[in-house]
Amino acid sequence: MASDLPDNHRKKRKMQKYSTPNNEVTPFRKAAFKSREDHRKQIELEEARKAGLAPAEVDEDGNEINPHIPRYMSSAPWYLNAERPSLKHQRKWKLDPNNKNCWYDRGAKTFQADKFRKGACENCGAITHTSKTCMERPRKAGAKLTGKNIAPDEKIETFDLDYDGKRDPWNGYDAASYAHVIDRYEARDEARKKYLKEQQLKKLEEKNDSDGEDGLNVDEAKVDESKQMDFAKVEKRVRTTGGGSTGTVRNLRIREDIAKYLVNLDVNSAHYDPKARSMRGDPLPDMDPNEKFYGGDNQNRISGEALEFKQLNVHVWEVFDEGNDVHMQAAPSQAELLNKSYRINKEMLRSKAKEAILEKYGNAAAEDALPRELLLGQSEREVEYDRVGRVI
């Protein structure tokens, strides 16, 4: 029994489970973990590379890697055993020794026979497949019996693909093969527009006839007026893996607004990230705030609901440090209610303290008249007190 084995035997079996025949630990056991400080330095280095303050990263071949390329694209898969970031796995791998694109020649034929050959398909007569795998329509009398209409032989090719080549779902996809689908949808849209225009013209003619006017005098500008109403719309096809649909998206950008990177053309001004379209810093810090229309994306983080959300996070951290089981991501409603009750109780305590101070010392800003002894109670008579506060 495994339980009766000594500890050293159990340990030896466990090491054999995670080791190679050469007694070397497999790569997935050598997972390198970064500390929080190393992770922070890595993020600062990436930001400096994007800003142009630090040199770009170099791959194994000595080529510079664009700092705006995401990490999940520049990091090679684990099965390639790459020591550093590279873009080799993103390049075309379907290449022959002559560096030409090669893939299966779809629908290509090689030889057209005149008569039936032994071992060929009994249905169509092609030598490259059997009757069981034949893709033609089953004939009433096959080519073996009639010896007529012999189908040409298909072109058979074999490729020696690597790991990711065999598992690529888009392997051999030709984008030009999708053109007929787009043409069909565009023809359908044109037919729909034509039909709607005819229906609208028909309604206008009926209305003019009912009013006693000539139905032929139709203003074309009125027909296209409905289309002009949608000048701010942008038609966008939204396609997903589950099927896809066509949606209409409003163009929210006002063309009169100046782009962020054109506010200050100085190269040393605030950094603009073109991939995220963000400018965190203020491009014009010395400008009058009353005349400034854009002060950087950071101004949105310290105003409005963003500031309230930060205060909520800080309160949850403080409550958790005190020993309460509160988590912002796990139970956001609980954290919100706890923060709300905390603010209410804090305001009540503050108002009670204020009332106690006013009751004890009075309110000089109140509209009630002050007592006469307070108004005329001052004098130049010297009064001496002891340490306890009694008059000597």
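The values are calculated or read from the model by the stated rules, or taken from the named source; none is laboratory data. These numbers were taken from a predicted model, which means no experiment stands behind them. Glycine also receives a Cβ, built like all others from the backbone with ideal geometry; neighbour counts cover every protein chain displayed.
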**Prompt:** Is it the case that some residue within the range 346-359 is at pLDDT below 90, on the phi < 0 side of the Ramachandran plot and either loosely packed, with under 10 Cβ neighbours inside 10 Å or in a loop (DSSP other than H, G, I, E, B) (or both)?
**Reply:** yes
**Prompt:** Is it the case that P169 is modelled with pLDDT of 80 or more, surrounded by fewer than 10 Cβ atoms within 10 Å (Cβ to Cβ) and not assigned by TED's automatic domain parsing to the domain that holds P77?
**Reply:** yes
**Complete:** Checked G125, G142 against criteria (touching a helix residue (DSSP H, G or I) at 6+ places or on another chain (Cβ under 8 Å) and at positive phi); the one match is G125
**Message:** So V25 ticks every box in (1) modelled with pLDDT of 80 or more; (2) surrounded by 11 or more Cβ atoms within 10 Å (Cβ to Cβ) but one. Which box is left unticked?
**Reply:** (1)
**Request:** Specify the residue that is modelled with the lowest pLDDT; the eligible residues are those in the range 55-72 that are loosely packed, with under 13 Cβ neighbours inside 10 Å and not in a loop (DSSP other than H, G, I, E, B).
**Result:** R71
**Complete:** Restricted to the range 360-392 and to residues being assigned to a helix (DSSP H, G or I) and not hydrophobic (A, V, I, L, M, F, W, C), the residue modelled with the lowest pLDDT is E373
**Prompt:** Quick one: in the range 271-291, which of the residues that are without any contact (Cβ under 8 Å) to a residue 60 or more places away in the chain, within 22 Å of the chain's Cα centre (by Cα) and in a loop (DSSP other than H, G, I, E, B) is nearest to L53 (Cα to Cα)?
**Reply:** Y272
**Prompt:** Got a number for residues in the range 142-158 being surrounded by 14 or more Cβ atoms within 10 Å (Cβ to Cβ), within 56 Å of the chain's Cα centre (by Cα) and part of a loop (DSSP other than H, G, I, E, B)?
**Reply:** 5
